[in-house]
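The values are calculated or read from the model by the stated rules, or taken from the named source; none is laboratory data. Everything quoted here is computed from the prediction, not taken from an experiment. Neighbour counts are summed over all protein chains in view; Cβ atoms, including those assigned to glycine, are modelled from backbone coordinates with ideal geometry.
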Amino acid sequence: MKQLNPSIKLHLLIGALTSVWIFLFAFFIRPYEHGSMDFTIWITVSIGFSVLAFVCYAIVSFIQKIIYQQLSKWSFLLEVGMLLLFFVLYTVATYTFYRSSLVKGFYDFTTFLREIILTSMLILTPILILFRTYAIKLIPSREETITIKGENKLDILKIKPSDLICISNSQNYVEIFYLDQNELQSKLIRTSLKKLQADFDFLLQIHRSHLINPSHFKSWKDASTILLTQMELPVSKNYKEQVLAL
């Protein structure tokens, strides 16, 4: 896998679906049960294991997005690394829960890993790969249009992602700079940078007041300014490392 859909919202959905599957697996297969749990306790235990799966995958989602923003690319090794990270986090979290006073599990860590986690990995890994592969198909094509909406009904702009150069803060508005027939244009829309960054994951923050489309990065003008297509913007120290990685 050489691509990644970095959308946090989408991966949280994947985490939720994964946790539902783990709940069903834990509840019906009962890999942790040793014959001493009544129905109410087992429901609680199954929910606990599924919630831990969601939390662990959510952590991985944020970590992989940071890595992807830093490198602006993805690889098979990174994909494998994220899956392994999920299982490492999940193993530690579930074993801690398993040995808690609620579950009172008696397996040592080696037995727990062999009897429970490895079995779970064999079943869960194909499902995660399927979810993550499908997520890539949801990435908008560069030739498709994106719709940028503001708070007012008339605040709307439809453009190709490749035509979007940058977005700058302008008090209660943002100013969107884009190309139309290779001519630089701009439009004011009443919304926030934070919302647009959440809506469009390919945008890179370079300053508290500026988001850029990395594909329009040209070069550094000096130590604190970059050149984009037909314009230039300042880069703050807090975001300089991200731009250097382009």
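Suppose we filter GLU143, GLU151, GLU183 for residues that are surrounded by fewer than 16 Cβ atoms within 10 Å (Cβ to Cβ), acidic (Asp, Glu) and modelled with pLDDT under 85; which single one remains?
That would be GLU143, the only listed residue that is surrounded by fewer than 16 Cβ atoms within 10 Å (Cβ to Cβ), acidic (Asp, Glu) and modelled with pLDDT under 85.
Looking at region 55-169, what helices (runs of 4 or more DSSP H) fall wholly within it and have at least 1 residues that are in contact with a Cys (Cβ under 6 Å, 6 or more places away or on another chain)?
So the answer is 76-98.
Please enumerate the residues belonging to region 50-91 that are β-branched (Val, Ile, Thr) and under 21 Å from ILE127 (Cβ atoms).
Hits for region 50-91 are VAL51, VAL55, ILE59, VAL60, ILE63, VAL80, VAL88, THR91.
Considering only region 172-186, I want to know if a residue exists there that is in contact (Cβ under 8 Å) with a residue 40 or more places away in the chain, within 16 Å of LEU211 (Cα to Cα), of a type in the set (S, T, N, Q) and part of a strand (DSSP E or B).
Within region 172-186, none of the residues are in contact (Cβ under 8 Å) with a residue 40 or more places away in the chain, within 16 Å of LEU211 (Cα to Cα), of a type in the set (S, T, N, Q) and part of a strand (DSSP E or B).
Mind listing whichever residues of region 17-28 are out of contact with any helix residue (DSSP H, G or I) (no Cβ under 6 Å at 6 or more places or on another chain), free of Cβ contacts under 8 Å to residues at least 60 places away in the same chain and either surrounded by 15 or more Cβ atoms within 10 Å (Cβ to Cβ) or of a type outside the set (Val, Ile, Thr) (or both)?
Once the filter is applied, which keeps residues that are out of contact with any helix residue (DSSP H, G or I) (no Cβ under 6 Å at 6 or more places or on another chain), free of Cβ contacts under 8 Å to residues at least 60 places away in the same chain and either surrounded by 15 or more Cβ atoms within 10 Å (Cβ to Cβ) or of a type outside the set (Val, Ile, Thr) (or both), region 17-28 yields LEU24, PHE28.
Let me confirm something: among ILE22, ILE63, which residue is within 23 Å of LYS195 (Cα to Cα) and modelled with pLDDT of 80 or more?
Sole residue among the options that is within 23 Å of LYS195 (Cα to Cα) and modelled with pLDDT of 80 or more: ILE63.
Out of (1) modelled with pLDDT of 95 or more; (2) closer than 21 Å to GLN242 by Cβ, the odd one out for GLN197 is which?
(1)
Taking the conditions exactly as written (aliphatic (A, V, I, L, M) and in contact with an Asp or Glu (Cβ under 7 Å, 6 or more places away or on another chain)), does ILE212 satisfy them or not?
When the stated conditions are applied, ILE212 does not pass them.
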